[in-house]
Amino acid sequence: MAPVEGIPTVVSAASVQAPALAPASEPVATLLPEAAAQIVKQIKHYLSDANLNHDAFMRKGVEMNDGWIQFATFAKFNRLRELMGVPQYKSKAKGKGKGGNKKAENRDVPESSIELLAQTIKDGVKDDELLEINAEGTAIRRKSQFEPSDEWFARTVHVKGLPYGKESSGLIDELTEFCAESGDVQLLRLRRNPKTKAFKGNFLVEFATVEQAEQFAGKDDLAYEDNKLSPAMLQAYHDEKQAADEFIQPELRKPGETYPTFEDYCIAHGRPVPTADKTAKKGKDSDDSQKPKPQVEAVPGCLVKFAGAEGDLTVRQLKEAFGAAGDVKYIEYKADETDGIVRFKEPVAASVIESHLEGISVGDVTLTLSAVDEEAEKAFFERAQAALDLSLTKGDSNRNNKRSGGGRQGGRQNKRARR
């Protein structure tokens with residue numbers, strides 16, 4: 001099966017060079033065999049296990065209405081409309097901006113397009129073992145219920161080395177074909193900049209087996225269009241990022257593990273917290289000043305003090321060790337000190353200490369645990385609040401500098417790292 005990158009831009013088969021519509025004298029056009037085959041392949045991909053593990057939109061679809069998804073819904077997918085040779089679908093904008101921005105054009109899906117798509121799918125899956133059409137001929141669903149799986153993580157390879165921002169319309173197809181020379185590709189996903197959605201030059205490819213993935217990841221002479229590629233098993237790439245204490249993007253996360261939100265990560269590292277409203281304008285400055293400042297929630301019973309951290313202990317090692325006792329929110333620890341504080345997400349401090357009276361092992365070191373008294377707990381949350389206030393202030397300062405043409409200022413000012 002080929003990859004999905006979000007509903008409107010998904011590509012899972014080779015691009016169609018010839019017109020999709022074949023000449024016909026009938027009122028309803030018919031599709032060329034190549035285009036029809038690609039549409040059927042795309043539909044099968046949308047409803048595949050590999051895609052549903054990552055595609056929240058389609059997963060929600062198979063969980064509603066007894067699993068039936070209307071052909072009229074699929075007819076709005078721009079990839080399918082491209083294959084059918086009909087205009088792209090644009091949803092209607094919610095409103096018109098005061099600055100004169102026009103509403104996005106809304107193209108209703110013609111009934112003829114829905115009928116064309118429905119007939120193509122019905123012809124293509126009439127004997128399919130996994131998919132079925134309803135009696136009315138208006139919807140399709142899986143014959144078996146989708147069961148999420150975590151096995152994809154161990155079969156996935158992270159690949160980097162392509163130019164940033166350079167993306168052709170058929171790139172996913174081309175990369176899928178390229179990777180298929182080494183194994184059975186289940187899914188290929190392009191990694192994108194979270195803000196701009198630009199292609200980052202990296203992609204994830206899931207193979208049918210771990211062996212195929214490892215064989216592909218082990219290639220040291222991999223190249224695509226004169227670009228030397230650097231493949232690595234996703235697990236190894238994930239661990240490398242985590243060891244460097246970098247923020248783990250959602251597409252890299254290991255199923256079943258907990259990760260901080262980007263806001264929490266920024267606070268822990270003394271960085272400006274990004275504002276939620278990306279469309280804020282000058283007129284909103286006074287309104288923003290009236291809003292209450294975000295507060296760190298001081299929940300009693302979440303802090304555990306540790307001592308005896310000698311040697312070259314890393315934050316990652318501490319997270320792994322204390323993570324076995326409970327969900328860790330922050331670890332306040334400085335490399336040249338022997339003590340620190342663990343903040344758990346829940347008030348489990350007492351039970352953690354009680355169950356580790358002989359200490360907790362981290363590598364070759366055994367840390368002793370103790371409760372954090374009321375005064376120290378108050379001081380901890382005051383430091384947390386100060387870090388949050390500082391990050392917000394720095395964020396406001398950076399935005400003001402950009403408005404006035406000023407340069408960047410400052411740097412990391414917090415003396416004690418919160419990771």
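Quick notes
- Considering the stretch 326-378, and only residues there that are in a strand (DSSP E or B) and of a type in the set (D, E, K, R), the residue that is nearest to Gly270 (Cα to Cα) turns out to be Glu332.
- Here Glu251 passes the criteria (1) assigned to a strand (DSSP E or B); (2) under 18 Å from the mean Cα position of the chain (by Cα) except the one numbered (1).
- Per-region count, the stretch 174-191, residues buried (at least 19 other Cβ atoms within 10 Å of the Cβ) and assigned to a helix (DSSP H, G or I): 3
- Test for Lys305: is it basic (Lys, Arg) and surrounded by 15 or more Cβ atoms within 10 Å (Cβ to Cβ): yes
- Pick from the stretch 295-308, criterion in a loop (DSSP other than H, G, I, E, B) and modelled with pLDDT of 90 or more, ranking: nearest to Gln385 (Cα to Cα): Cys302
- Leu171 being buried (at least 20 other Cβ atoms within 10 Å of the Cβ) and in contact (Cβ under 8 Å) with a residue 12 or more places away in the chain: no
- The residue that is surrounded by the most Cβ atoms within 10 Å (Cβ to Cβ), among those in the stretch 229-247 that are of a type in the set (Asp, Glu) and in a loop (DSSP other than H, G, I, E, B), is Asp245.
- Every residue from the stretch 151-170 that is part of a helix (DSSP H, G or I) and among the hydrophobic types (A, V, I, L, M, F, W, C): Trp152, Phe153, Ala154
- Residues considered: Gly359, Gly363. Of these, the only one that is modelled with pLDDT of 90 or more and either at positive phi or surrounded by 16 or more Cβ atoms within 10 Å (Cβ to Cβ) (or both) is Gly359.
- Residues in the stretch 313-325 that are among the polar types (S, T, N, Q) and either assigned to a strand (DSSP E or B) or at pLDDT 85 or above (or both): Gln317 alone.
- Selection within the stretch 192-227 - of a type in the set (D, E, K, R), at pLDDT below 95 and part of a strand (DSSP E or B): Arg192, Lys200
- Search result, residues across the stretch 96-153 that are touching a Phe, Trp or Tyr at 6+ places or on another chain (Cβ under 6 Å) and at pLDDT below 85: Arg107
- Of all the numbered requirements in (1) at pLDDT 85 or above; (2) outside the structural domain of Asp373 (by TED's automatic domain parsing); (3) surrounded by 10 or more Cβ atoms within 10 Å (Cβ to Cβ), Lys284 misses one, and that requirement is (1).
- Within the stretch 324-348, if we keep just the residues that are in contact with a Lys or Arg (Cβ under 9 Å, 6 or more places away or on another chain) and of a type in the set (Gly, Ala, Ser), the residue that is surrounded by the most Cβ atoms within 10 Å (Cβ to Cβ) turns out to be Gly340.
The values are calculated or read from the model by the stated rules, or taken from the named source; none is laboratory data. Please read these numbers as outputs of a predicted model, since none were measured by experiment. Neighbour counts are summed over all protein chains in view; Cβ atoms, including those assigned to glycine, are modelled from backbone coordinates with ideal geometry.
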